[in-house]
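Right, one structure below, let's go through it.
The values are calculated or read from the model by the stated rules, or taken from the named source; none is laboratory data. Quick caveat: nothing in here was measured; it's all calculated off a predicted structure. All Cβ positions, even for glycine, are placed from backbone atoms using ideal geometry, and neighbour counts span all protein chains on display. Calculation scope for accessible area: heavy atoms of the full protein, side chains included, ligands and nucleic acids excluded. Shrake-Rupley method; radii C 1.70, N 1.55, O 1.52, S 1.80 Å.
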Amino acid sequence: MSSRILSSLLRRGIRGWSLSVLVSAGTLFAIPAFPGAEGFGANATGGRGGSVYVVTNLDDSGPGSFRDAVSEPNRYVVFAVGGMIKISSRITVKNNLTIAGQTAPGEGITIYGNGLSFSGADNTITRYLRVRMGAGGDHGVDAVTLSSGHDIIFDHVSVSWGRDETFSVSSNDRTVGPKGITLQDCMIEMGLQPHSAGGLIQTDGGVSIIRCLYVDNYTRNPKVKGVSEFVNCIVYNWGGGGAYILGDSGGQSHVNVVNNYFIAGPDTRVAPFTRGNANFHLYAAENYFDENRDGVLNGAVIPPSGYTTVDFQKERYPYPTVARLLTPTEAYEHAIAQAGASKVRDRVDRRYIAEVTSLGSLGQIPKNENDAPIDGPGPVAGGPAPVDSDHDGMPDAWELAHGLNPTAQDHNGDANGDGYTNLEEYLNGLVAAGAANKD
Ligand SMILES: [Ca+2]
Ligand SMILES: [Ca+2]
Ligand SMILES: [Ca+2]
Ligand SMILES: [Ca+2]
């Protein structure tokens with residue numbers, strides 16, 4: 001039910017409908033965070049209904065900076081600049097935010113420094129952003145982390161060079177950990193030694209990892225405990241620590257792992273699945289392993305013995321999953337085409353894609369991102385932003401073409417009554433809708 005119909009029902013004062021019925025109907029028919037949002041975090045509402053903050057510079061802090069933009073809740077964060085934002089200290093992201101990296105001109109936005117925390121950032125939507133930590137980050141800290149919060153979705157986000165994990169969704173008390181989280185079409189890249197790790201996914205609140213690409217992490221691609229699904233992902237060049245780590249300790253896990261492709265690189269020395277136990281309740285299907293490093297994608301399905309000791313499930317857990325399940329080979333092609341902040345890929349992501357498509361010969365797991373061939377985070381090209389006279393996030397030309405007012409902030413209107421605000425229509429139209437449906 002669209003919000004327009006719901007509000008119309010409320011206005012007309014339908015007799016005999018309790019408010020709770022209407023509210024639950026509204027929840028039942030909640031629109032996705034954006035067209036194509038999937039998984040446990042699909043219903044994040046972001047900054048919908050809030051104010052617009054335009055990031056106008058690449059400064060570490062102060063007016064117009066990214067840090068200032070995410071310091072208050074209930075905002076859409078849009079970018080009138082592209083390039084690299086060097087941060088001197090960690091940024092904690094507030095709740096009810098839509099961070100629309102796809103608005104940034106040029107090659108988009110790279111945040112380089114001590115990383116981002118989304119702990120407690122309930123109802124945030126983050127799209128088309130790069131977060132790169134590096135050896136200058138604090139020892140024992142993740143590039144992106146969240147240890148609490150609900151309804152949080154990351155879409156086409158590239159995260160690299162964590163010093164602890166690179167991208168973790170984790171609480172030591174799994175019963176109160178993050179709830180309703182999605183990572184989709186993300187790249188999780190090259191955790192730095194001596195603790196090169198993709199991520200720890202540890203909560204009973206539900207985490208979907210969908211169509212993500214893990215590359216050059218020595219271990220934990222990812223390490224999983226609790227309730228989660230891992231669907232249509234690609235893992236390339238894990239090292240001796242392992243790719244998908246099956247729990248590795250006490251506590252119950254209930255997990256789907258479906259249609260993923262594991263591809264050996266120069267550093268790969270162990271099998272894709274390691275360290276299971278009887279507490280790990282696993283539904284696994286159609287996971288492939290290409291171990292021959294011959295430059296051709298020609299792996300084979302992983303047999304039951306390839307999952308070590310787990311409690312196999314005959315039926316898939318009824319988790320959200322995807323609208324369109326890709327074959328492992330299709331998932332590979334999809335990731336190459338558009339994983340990460342791929343509206344325009346930067347030099348670093350292009351390098352990681354070249355490694356993956358070498359199918360065995362390229363890759364490395366270093367201590368420092370400035371070592372060749374990565375050579376640090378830049379350059380990241382900027383570019384001109386379209387004119388937006390009223391600073392409501394929608395360019396003048398787009399507003400005129402859509403019957404809106406380029407001299408008044410009408411971003412929270414809903415001209416077509418579909419539940420997405422006018423600004424969301426603009427943001428969603430900048431990138432492909434329904435990532436898995438695009439050829
Ligand atoms: Ca091969
Ligand atoms: Ca405008
Ligand atoms: Ca306007
Ligand atoms: Ca609309």
Problem set entry | Å² per residue, accessible surface of the chain at 1.4 Å | 37
Exercise. Mind checking which of Gly108, Gly403, Gly137 has the largest fluctuation in a GNM of the chain, springs on alpha carbons under 10 Å?
Worked result: Gly403
Exercise. Which residues' amide hydrogens lie under 5 Å from the amide hydrogen of Thr92, considering only partners 5 or more residues apart or on another chain, with H built in the peptide plane?
Worked result: Ser117
For this session: Keeping every protein chain in place, order Trp161, Trp398 by accessible area at 1.4 Å, biggest value first, i.e. largest first.
Result: Trp398, Trp161
Exercise. Taking θ as phi - 60°, what are the ³J(HN,Hα) couplings along segment 182-196 by the Karplus curve (6.51, -1.76, 1.60), each to the nearest whole Hz, with x for Gly and Pro?
Worked result: 10, 10, 10, 6, 9, 10, 10, 10, 6, x, 8, 5, x, 9, 7
Seminar exercise, completed: Computed ³J(HN,Hα) along segment 383-399: with the Karplus parameters 6.51/-1.76/1.60, θ = phi - 60°, integer Hz and x for glycine or proline, the list is x, x, 9, x, 5, 10, 4, 9, 6, 9, x, 9, x, 3, 4, 5, 4
Exercise. Of Ala197, Ser171, Trp238, which is farthest on the positive side of the dipole of the chain, counting Cα position, with +1 on Lys and Arg Cβ, -1 on Asp and Glu Cβ, and the Cα centre as origin?
Worked result: Ser171
For this session: Taking the Cα centre of the chain as origin, sum charge times position over the Cβ atoms of Lys and Arg (+1) and Asp and Glu (-1), and report the length of that vector in debye to the nearest 20.
Result: 740
For this session: List, in the order given, every pair from Lys94/Lys223; Lys179/Lys367; Lys179/Lys223; Lys225/Lys314; Lys86/Lys225; Lys225/Lys367 whose Cα-Cα distance in the structure shown is over 29 Å.
Result: Lys179/Lys367; Lys86/Lys225
Exercise. With the dipole of segment 51-358 worked out from charges on the C-beta (+1 for Lys and Arg, -1 for Asp and Glu) around the Cα centre, which of Gly106, Gly306, Gly140 lies farthest toward the positive end?
Worked result: Gly106
For this session: Mind listing the long-range amide H neighbours of Phe262? Cut-off is under 5 Å, sequence gap 5 or more, other chains count too, H placed in the peptide plane at 1.01 Å from N.
Result: Val235, Tyr288, Phe289, Asp290
Exercise. Per the Debye formula with a single identical scatterer at each Cα and no solvent contribution, what log10 I(q)/I(0) holds for segment 51-358 at q = 0.10, 0.12 Å⁻¹?
Worked result: -0.49, -0.72
For this session: Enter the angle in degrees (range 0 to 90, nearest 10) between the Cα long axis of helix 3-12 and the first principal axis of the Cα atoms of the chain, meaning the one along which they spread out most.
Result: 40
Problem set entry | Long-range amide H partners of Lys179 with built H, under 5 Å | Gly149, His150, Asp151
Problem set entry | Cα gyration tensor shape of segment 120-250, rounded if a/c is under 1.5, else prolate or oblate by comparing a/b with b/c | rounded
For this session: May I ask you to evaluate 6.51 cos²θ - 1.76 cosθ + 1.60, the Karplus curve with θ = phi - 60°, for each residue of segment 33-43 and list the ³J(HN,Hα) values in order in whole Hz, giving x for glycine and proline?
Result: 3, 7, x, x, 5, 9, x, 4, x, 5, 9
Seminar exercise, completed: GNM on the chain, Cα springs under 10 Å; top mean-square fluctuation among Val131, Val310, Val215 goes to Val310
Exercise. At a 1.4 Å probe radius, carbon and sulfur cover how many percent of the accessible area of segment 357-434?
Worked result: 57
For this session: Taking every Cα atom in segment 257-387, find the radius of gyration and the maximum pairwise distance Dmax, and write them in Å.
Result: 18.1, 59
Seminar exercise, completed: Counting only DSSP beta bridges fully inside the chain, the antiparallel percentage to nearest 5 is 0
Seminar exercise, completed: Answer in debye to the nearest 20: the dipole magnitude of segment 232-298 about its Cα centre, from +1 Lys/Arg and -1 Asp/Glu charges placed on Cβ, is 160
For this session: Please identify, among Ala401, Ala271, Ala37, the residue showing maximal mean-square fluctuation in a Gaussian network model of the chain using a 10 angstrom Cα cutoff.
Result: Ala401
